[in-house]
1. Full-extension gain between D77 and T108, please, as 0.36 nm times their residue separation minus the C-alpha to C-alpha distance.
2. Loop only by DSSP, 14 or fewer other Cβ within 10 Å of the Cβ. Give me the GluC sites (Glu not before Pro) in region 7-81 that pass, ordered by residue number.
3. Give the shape of region 1-51 as rounded, prolate or oblate, defined through the alpha-carbon gyration tensor: a ≥ b ≥ c are the square roots of its eigenvalues, a/c under 1.5 means rounded, and otherwise the shape is prolate if a/b is larger than b/c and oblate if not.
4. How would K81, K34, K16 line up by accessible area, probe 1.4 Å, largest first?
5. Return the FRET efficiency for the residue pair Q162, E68: r is the Cβ-Cβ distance, R0 is 25 Å, and the value is rounded to the nearest 0.05.
6. Work out how much length N56 to Y174 would gain on full extension: take 0.36 nm times their residue separation and subtract the Cα-Cα distance, in nm to one decimal.
7. From the cross-link list K12/K70; K10/K54; K10/K34; K26/K81; K34/K70, which pairs have alpha carbons spaced over 30 Å apart?
8. Under a plain spin-label model, where a point goes 7 Å from the Cα along Cα-to-Cβ, how far apart in nm are Y48 and R7?
Amino acid sequence: MTKVDRRIVKSKEAIKKAVLELMLEKTFDRITIKDIADRANVSRRTIYLHYVDKYNLLEQLIENHINELKLLCDSEDLSFKDANVLWFEYFEENFMFFSTMLASDGATTFRNRFLEFVIQEANKQNITNRKNQSINQEVFVQFLGAASVGLVEWWIRNDIPQSPQQMANQLEIYLDSFCNHTHQ
């Protein structure tokens, strides 16, 4: 039984890798199940055993990474900065996925799903509960979500020019500066 499980895992990994590689070569709409099967060295039937179609495959890829990020958020009671270090480390470890999503036409789907996730996570914490009480939580969460997604895009597209720790430090500085700023 373990042998079958390993084969399934190996096939799914090959399929995921194949679709990411193909997305770097051509638009997602032009990728066929046959292309994916040929690149992954599996049959089309094998792909259909695991995925309804290529759109379902892409959605599952995205959801798997969003779920991993959720697990990181829920794993421990971390400070905002420490949680960001974990996130940036995860982005770095999964560079191929994130760089492909941000460089391909899958970017819109991924970006929207990632933004939705960041906003959900930010809403779980009252991160505007700092010195500046005039900050509207809903507006701030939208701002933080868009800024965080944009920052990750920049970091990935520029081949990780700073360490995850440096990125988390910068994000913490910006957040503190913004939230603690008071109008005089």
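The values are calculated or read from the model by the stated rules, or taken from the named source; none is laboratory data. What you see is a predicted model, and the numbers here were worked out from it, not measured in a lab. With ideal geometry, Cβ positions are generated from the backbone for all residues, glycine too; neighbour counts draw on all protein chains shown. Keep in mind that these areas ignore ligands, DNA and RNA; they rest on the heavy atoms of the full protein, side chains included. Shrake-Rupley method; radii C 1.70, N 1.55, O 1.52, S 1.80 Å.
1. Values: separation 31, 0.36 × 31 = 11.16 nm, distance 3.12 nm.
Gain in length upon complete extension: 8.0 nm.
2. On the way: sites: E13, E21, E25, E59, E63, E68, E76; in loops: E76.
Passing sites in region 7-81 are E76.
3. Working: a/c = 2.98, a/b = 2.10, b/c = 1.42.
Verdict is prolate for region 1-51.
4. Working: K81 65, K34 105, K16 40 Å².
Reading off the accessible areas and sorting them downward yields K34, K81, K16.
5. Working: r = 22 Å, r/R0 = 0.87.
Computed FRET efficiency for Q162 and E68: 0.70.
6. Details: separation 118, 0.36 × 118 = 42.48 nm, distance 3.71 nm.
In short, 38.8 nm is gained.
7. Values: K12/K70 22 Å; K10/K54 18 Å; K10/K34 18 Å; K26/K81 37 Å; K34/K70 33 Å.
Too far apart for the 30 Å limit: K26/K81; K34/K70.
8. With each label placed 7 Å out from Cα toward Cβ, I get 1.9 nm.
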